[in-house]
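Remarks on the structure that follows.
The values are calculated or read from the model by the stated rules, or taken from the named source; none is laboratory data. Owing to the predicted nature of the structure, the values given are computational and were not obtained by experimental measurement. Please note: Cβ atoms are built from the backbone with ideal geometry, for glycine as well, and neighbour counts cover all protein chains shown.
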Amino acid sequence: MATLDLTLDSFEATIKQDGITLVDFWAEWCGPCRMFGPIFEKSSESHPEIRFGKVDTEAEQELAGMAGITSIPTLMIFRDGILLFNQAGALPAPALEELIGKVEALDMDEVRAEIAKQQ
């Protein structure tokens, strides 16, 4: 699946879908973002069953602010609309693949039960 360009209008609907969505918050001027970009793109080609989205923080400043982005690149991972990972910094390819494997292996019924218990 091709990487989706996410905007304020499309972000929420995209992350709330069933399944896994990875979101890369980036900017053109950001060196680490330019290093992580090709890793993110290659991973999107290896995982067609997963949605990969990018948010240009310069073009989507309001969305970046609402998402609490203070440093880029920031990677967020959602599954079934639940935020499971939120971390700034570029990941090397093996770390990204390991992270995807962990998210795929999660029992979402247990995750939802844990969230319900905390509320």
Please name all residue pairs, on different chains or six or more residues apart, with Cβ atoms under 7 Å, provided the first residue is in the range 46-71 and is free of Cβ contacts under 8 Å to residues at least 40 places away in the same chain and the second residue is of a type in the set (D, E, K, R). 58/28
As an exercise: evaluate residue 91 against (1) touching a residue at least 40 places away in the same chain (Cβ under 8 Å); (2) within 29 Å of residue 115 (Cα to Cα); (3) hydrophobic (A, V, I, L, M, F, W, C); (4) not in a loop (DSSP other than H, G, I, E, B) and give the number of the one condition it does not meet. (4)
Among what's in the range 72-99 and is of a type in the set (Val, Ile, Thr) and in contact with a helix residue (DSSP H, G or I) (Cβ under 7 Å, 6 or more places away or on another chain), pick the residue that is nearest to residue 27 (Cα to Cα). 72
Which condition does residue 42 not pass, out of (1) at pLDDT 95 or above; (2) under 30 Å from residue 112 (Cβ atoms); (3) exposed (fewer than 14 other Cβ atoms within 10 Å of the Cβ), if it passes all the others? (2)
Can you find a residue in the range 48-65 that is over 14 Å from the mean Cα position of the chain (by Cα), of a type in the set (A, V, I, L, M), within 16 Å of residue 26 (Cα to Cα) and not in a strand (DSSP E or B)? yes
